[in-house]
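The values are calculated or read from the model by the stated rules, or taken from the named source; none is laboratory data. Just so it is clear, the model here is predicted, and its values are computed rather than measured. Methodologically, a virtual Cβ is constructed for each residue, glycine included, from the backbone with ideal geometry; neighbour enumeration extends over all protein chains shown. The protein model used for the area step is the full one, side chains on, heavy atoms only, and it has no ligands, DNA or RNA in it. Shrake-Rupley method; radii C 1.70, N 1.55, O 1.52, S 1.80 Å.
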Amino acid sequence: RFLHPDERAALQALQLRQGADEARVAQWLAGRWAAKEAAYKALGPSAGPARTLFTELQVLSGSAKQPLLELHGTAAATARARGVKRSHLSLSHDGEYAFAQVILESG
């Protein structure tokens, strides 16, 4: 319910991969949730009557496996309205905990 369609496909691939046990899947989901919550809070209220949905916040793995944040729909419109030019996502896991920080850069 909170995953972007591409994230759902990535989750299915992870679940099919040999060695992806329940703990690894739970860690992956917790990381996505933490990143989306951090992004949602960094964006603040939507720029119009529509609200930002977690499905509009997509977490990707960059070429060096660094996490990347991609905004879609209302989230992207809100970012543009606020002058956001770049986003930075830090994502960490420690045991059963996931932590994320999002910085939105403008100007």
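Things worth noting here:
- Reachable lysines, given that their alpha-carbon falls under 20 Å from the alpha-carbon of K65 and they are not under 8 places away in the same chain: K36
- Ordering of 54-67, 32-45 by packing is 32-45, 54-67, highest average first (other Cβ atoms within 10 Å, averaged per residue).
- Taking every C-alpha pair closer than 8 Å and separated by at least 6 residues, the mean separation divided by the residue count of the chain gives a relative contact order of 28 percent.
- Helical mean residue ellipticity (222 nm; -39500 (n - 2.57) per DSSP H run of 4+; nearest 500) of the chain: -13000 deg cm²/dmol
- Among (i) 26, 14, 12; (ii) 34, 14, 13; (iii) 96, 4, 4, the entry derived from the coordinates for semi-axes √(5λ) of the Cα gyration tensor in Å: (i)
- When +1 charges are put on Lys and Arg Cβ atoms and -1 charges on Asp and Glu Cβ atoms, the dipole computed for the chain relative to its Cα centre reaches about 360 debye.
- The apolar share of the surface of segment 1-66, taken as the fraction of accessible area on carbon and sulfur atoms (1.4 Å probe, ligands and nucleic acids excluded), comes to 54 percent.
- Placing +1 on the Cβ of every Lys and Arg and -1 on the Cβ of every Asp and Glu, with no other charges, gives segment 1-49 a dipole of roughly 80 debye about its Cα centre.
- Per residue, the accessible area of segment 1-70 comes to 63 Å² when a 1.4 Å probe rolls over the protein heavy atoms.
- Taking the centroid of alpha carbons for each part, segment 55-107 and segment 27-48 are 8 Å apart.
- S92 versus R24: modelled label distance in nm, points set 7 Å from Cα along the beta carbon direction: 2.4 nm
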